[in-house]
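Read the structure below first, then the notes.
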Amino acid sequence: MAGPAVAVVVVCHDSAADLAGTLPALTAQLRAGDELVVVDNASRDGSPDVARRLAPDATVLETGANLGFAAGCHVGAGASRAPLLLFLNPDAVPAQGCVDALRDCAATRPGWGAWQALVTMAGGRLVNTAGNEVHFLGFGWAGRCGEPVDAATGAADVGFASGAALCVRREAWDAAGGFDGRYFMYGEDLDLCLRLRLAGWGIGIEPRAVVEHDYEFAKGAYKWFYLERNRWWTILATYPSRLLALLAPALVCFELALLPVAWRGGWLGAKLRAQAAVLRLLPAMLRRRRLVQATRRVPDAAFAAALTASLDSPYLGAAARVPGVRAAQAAYWRAVRAALR
């Protein structure tokens, strides 16, 4: 079965070295009717020229400014027409058969609006993400990160799909409005997946599709600013009203608890700037909420079922090991879930 055409969108910023590995592996897998759009966000290392040389049939768009990942994806999606969109990081090298495995999901998983490849690291030996998890307090992480790749078997539903290798039905992308460009970077994949789930779509992983990703979590305080600001963009837009009201005490307590954690981690300034940005942008966030909630097609309990009380993220560190925290927040979440039934 040929399957639908795929438009692959690669957003770059100073990514010439990464494109040298990704584009040859990718173009070898494209079929007639598939599209490749490379969006360059003001690179200084000749990334557009590298893209044109390695993928002469690609559409290479130079935005002239660093628009960020989310807005860059919009540019690429708008320049293509295929019914499936595949957003691929410039440092995510697809293994043989990756594109077709993702393509096949359009027919085999008709209820999914978005799905990801199995993303590996460490030369393909370890999992980077086998489907991301999202905590009820709005933060997400790479699921099964650091486990052997054999741990990921079989297509499955996930909390949210990783933007490193994210396939989205164009009809779902268009109806949701795609990524929100105001995110700039970080968390846009979580936000889109929760909006799709709110609208009735499922989210999954197809581990037969594999990419190897040059991944590292630590990127400096600026990453924490975007993670924390964008977490509130997502919570305020996607959480149904009853869920938001039930979680309000926990969300306030979490904000206060994060301050000493941020201080010890050296990113307190970024956290305070994120809080200030949330307060400044609150009217815009609430306007966005009204638009997003108007698309809701699932009960509150069904939406909440995709969230977790797990604290198994390798990025939480000592905060997840504070005595009593794990049990207390798990009990709180059970009470919330019960109230939503």
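Descriptive notes on the structure:
- This model, with +1 at the C-beta of Lys and Arg and -1 at the C-beta of Asp and Glu, gives the chain a dipole about its Cα centre of some 1580 debye.
- Net charge contributed by nearby residues that have their C-beta within less than 10 Å of Arg208 (K/R +1, D/E -1): -3
- Rg over Rh for the range 186-309 works out to 0.99, using Cα positions for both radii and the Kirkwood form for Rh.
- Computed over the chain, the ratio Rg/Rh where both radii use C-alpha atoms and Rh is Kirkwood: 0.95
- Options Val99, Met121, Ala294, ranked by Cα towards positive dipole end of the chain, top entry (Cβ charges): Ala294
- Nearest-0.05 FRET efficiency for Asp150 and Gln293, computed from C-beta distance (R0 45 Å): 0.65
- Per residue accessible area in Å² of the range 200-341, where ligands, DNA and RNA are left out and the probe is 1.4 Å: 51 Å²
- Comparing Leu194, Tyr226, Phe184 along the charge dipole axis of the range 171-284, the residue lying farthest to the positive side is Tyr226, per the Cβ-charge model.
- In this Cβ point-charge picture (+1 for Lys and Arg, -1 for Asp and Glu), the range 85-171 has a dipole of about 120 debye about its Cα centre.
- DSSP loop chymotrypsin sites (Phe, Trp or Tyr not before Pro) with at most 14 other Cβ within 10 Å: longest gap in the chain: 1-216
- Cβ-placed point charges (K, R +1; D, E -1), dipole of the range 201-255 about Cα centre in debye, nearest 20: 240 debye
- Spacing of the two label points (7 Å from each Cα toward its C-beta) at Ala327 and Asp14, in nm: 4.9 nm
- Computed per residue of the chain from DSSP H runs no shorter than four, each worth -39500 (n - 2.57), the mean residue ellipticity at 222 nm is -14000 deg cm²/dmol.
- Dipole orientation for the chain: of the candidates Ala330, Ser310, Asn41, Ala330 has the Cα lying most toward the positive pole (charges on Cβ; Lys, Arg +1; Asp, Glu -1).
- Applying both filters, DSSP loop and at most 13 other Cβ atoms within 10 Å, to the trypsin sites (Lys or Arg not before Pro) of the range 97-146 gives Arg125.
- Sites listed here are trypsin sites (Lys or Arg not before Pro) in the range 26-55 whose DSSP assignment is loop and whose Cβ has at most 14 other Cβ atoms within 10 Å: Arg31, Arg44.
The values are calculated or read from the model by the stated rules, or taken from the named source; none is laboratory data. Small disclaimer: the values here were computed from a predicted structure and weren't measured. Glycine also receives a Cβ, built like all others from the backbone with ideal geometry; neighbour counts cover every protein chain displayed. Note: accessible area is taken over every heavy atom of the protein model, side chains too, but ligands, DNA and RNA are not part of it. Shrake-Rupley method; radii C 1.70, N 1.55, O 1.52, S 1.80 Å.
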